[in-house]
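The next block holds one structure in the form of structure tokens; read it before the comments.
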Amino acid sequence: MNHLDSLQYNVAGLLTGPRGGTRTHQLYVPVSELDQLDEDFDVVEPFQGTARFLWTNEHILVLVEGDTAVSMRCARCLEPFIRPVHVSIEEAFIPTVDMATGLPIHQDESDTAVLIDEHHILDLSEILRQAILLALPLTPLCRPDCKGLCPICGANLNHETCTCTTEEIDPRWAKLQFLLEK
Ligand SMILES: [Zn+2]
Ligand SMILES: [Zn+2]
């Protein structure tokens, strides 16, 4: 995902202010900026929520709560469906420049997504994208009791019944069934 203007915040004021300073931002990210999360998931509603920033004198603690909706495909019946997704993020963003001296602060933080850049921009884009992906189910189901597809004829068993299961019975079970019917 590209860096989103709507998720970039200049935090110079917070970084030069006293420890314990806070900012609250309303978040609104249009679908056009988030839509393609990866090949299996599409965001279909704007992301809306709140971001709270807290300056601890070492980092800015960011708390995000928000909601969107994602279109996905059922793992059993393969039908597309839409699922509301709630995102809850708690992340420490680390300054890379000392505000008093203007000198770079060496960081060995490997995740560049949580670094505040040299222009004091805190960028929530990548963190939000990761959080939405993490909030998605590993095995998406259109409903918990989805009956899936018939493995023989491919009929969607949520909508229709087929006759395959009785006709194509495993021969070992056929023998048992024969005994039961006697
Ligand atoms: Zn399904
Ligand atoms: Zn069938």
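Whole-Hz Karplus values for the range 50-66 come out as 10, 10, 10, 10, 10, 8, 9, 5, 10, 8, 9, 7, 10, 10, 10, 10, x Hz, taken residue by residue from phi with 6.51 cos²θ - 1.76 cosθ + 1.60 and θ = phi - 60°; glycine and proline positions read x.
Let a ≥ b ≥ c be the square roots of the eigenvalues of the Cα gyration tensor of the range 1-124; is it rounded (a/c under 1.5), or, if not, prolate (a/b larger than b/c) or oblate? Numbers along the way, then the final one.
Working: a/c = 2.83, a/b = 2.27, b/c = 1.25.
It is prolate, given that a/c is not under 1.5 and a/b is the larger ratio.
Couplings 3J(HN,Hα) for the range 75-81, derived from phi with the Karplus relation 6.51 cos²θ - 1.76 cosθ + 1.60 (θ = phi - 60°), are 5, 9, 9, 6, 6, x, 8 Hz, where x marks Gly and Pro. Rounded to the nearest whole Hz, the Karplus-based 3J(HN,Hα) values (6.51 cos²θ - 1.76 cosθ + 1.60, θ = phi - 60°) of the range 40-48 follow the sequence 9, 10, 10, 6, 10, 10, x, 7, 10, with x at glycine and proline.
Compute the signed sum of charges (Lys and Arg +1, Asp and Glu -1) over the other residues within less than 15 Å, Cβ to Cβ, of G148. Neighbour charge sum, excluding G148 itself: +1. Label zone of R143 (point 7 Å out along Cα→Cβ, amide N under 19 Å): in the range 151-165 this covers 155-162.
Sorting 24-30, 89-95 by average packing, meaning the other beta carbons within 10 Å per residue, from highest down gives 89-95, 24-30.
Amide H contacts of V44 (H built 1.01 Å from N, in plane; Pro and chain starts excluded): A69, V70, S71 sit under 5 Å, all sequence-distant by 5 or more or on other chains. Near A135, no amide H atom lies under 5 Å from its own; only residues 5 or more places off or on other chains count, and H is placed 1.01 Å from N.
Where a number appears in this text, it was derived from the coordinates with a stated rule and is not lab data. Not measured: the values here are computed from a predicted model. Heads up, the Cβs are rebuilt from the backbone with ideal geometry, glycines too, and the neighbour counts pull from every protein chain shown.
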